1. Among the lysines, which fall within straight-line cross-link reach of K149, defined as a Cα-Cα distance under 25 Å, with same-chain neighbours fewer than 8 residues apart omitted?
2. Taking θ = phi - 60°, what integer Hz values does the Karplus form 6.51 cos²θ - 1.76 cosθ + 1.60 yield along region 157-162, in sequence order, with x for Gly and Pro?
3. Each residue of region 114-127 in turn: what ³J(HN,Hα) in whole Hz from Karplus with 6.51, -1.76, 1.60 and θ = phi - 60°, glycine and Pro shown as x?
4. State, in angstrom, two size descriptors of region 107-205 derived from its alpha carbons: Rg to one decimal place and Dmax to the nearest whole number.
5. Along Cα→Cβ, 7 Å out, is where each label goes; now give me the distance between the ones at Q104 and K149 in nm to one decimal.
6. For S97 paired with N157, estimate the spin-label separation in nm (one decimal), with each label point 7 Å from Cα along the Cα-to-Cβ line.
7. Tell me which lysines have Cα within less than 25 Å of K42's Cα, excluding those fewer than 8 residues away on the same chain?
8. Specify the angular offset, from 0 to 90 degrees and rounded to the nearest 10, of the alpha carbon long axis of helix 45-55 from the longest principal axis of the alpha carbons in the chain.
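Coordinate-derived values only; no laboratory data. Because the structure is a prediction, the values reported are computed rather than measured. For neighbour counting, all protein chains shown are included, and Cβ atoms are generated from backbone atoms with ideal geometry for every residue, glycine included.
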Amino acid sequence: MTLTPLIITTMTGLFSMPNLPYATDALAPVISKETVELHYGKHLQTYVTQLNTLIQGTEYEGMNLEELVEKAPEGPIFNNAGQVLNHTLYFHQFHPSTSSTAQQPEGKLAAAINEAFGSFDEFKKQMNTASTTLFGAGWAWLAQQKDGKLVILKCPNADNPVRHGMVPLLGFDVWEHAYYVDYQNRRADHVNALWNLVDWSVVASRLK
Ligand code: MN
C-alpha cells in the first residue's frame, strides 16, 4: 500500500515529519493556530521521534509505515507508527477554512457513501455518533473494505483501518489533545465543526 507518499524515510531508514499543507492558522476557527501548533508541532513530532528511536537496530527499521502498522505487535512501535500514519492522513484531509472547495463528496465517493449509508446526511450522523461514543482516546474512521464497501470504524488509541486490512479514507481524531484547547469537553461540537474542513477530493483520492 502507498497511502502516505508524503512520509519521507531518510537515507538512514528513519521517518521525517510530513509537511503541513497549509499555514498553522488556516483551519481557524474550527481548529485554532494554538491547537495546530501543539497537535502537529508537538504531538506528531513526538510520535515521529519516538518511532525513529524505537525502530533503530530492530527488524522494523527500513519498513514503510503501512507495513509497520500491519505487522508490529501491540506495543510502543505499533502505537507510534499508528499515530504517525493517523496524523499524516488527518492533517492532509483538511483544506483551509476559507477555501471554496466542494463541501460534499462527489462522483465515485458520493456513490459509495450513498450505497453504504443511504445518504450523505446519514453517513455524517453515524460518523458523529462513532466519534462521540468512542470511550477515551481514539479515532473514528471511514474505511474501505477489501470488497470495496465503505464502513465506519471506532478505533481505540493508535488503531487504524490498515491494521484490519482496510483502507483509511477519513479520520476524526477524538483524543482530547485534538480539541481540548478549543472546545474543552465539548467533543460533539468539535466533531460537528470538522465537517467544514474536510477536503473531499483528498478523501476520494484514497479510494482503491
Ligand atoms: Mn492527535
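1. Hits, sequence-local ones excluded: K71, K108, K124, K125, K208.
2. 6, 9, 4, 8, x, 4
3. Karplus values, whole Hz, x for Gly and Pro: 4, 5, 7, 10, x, 6, 5, 4, 5, 4, 4, 4, 5, 5.
4. Every Cα atom of region 107-205 included, Rg and Dmax give 13.2, 39 Å.
5. With each label placed 7 Å out from Cα toward Cβ, I get 2.5 nm.
6. 3.3 nm
7. K33, K154
8. Helix 45-55 sits at roughly 40 degrees to that axis.
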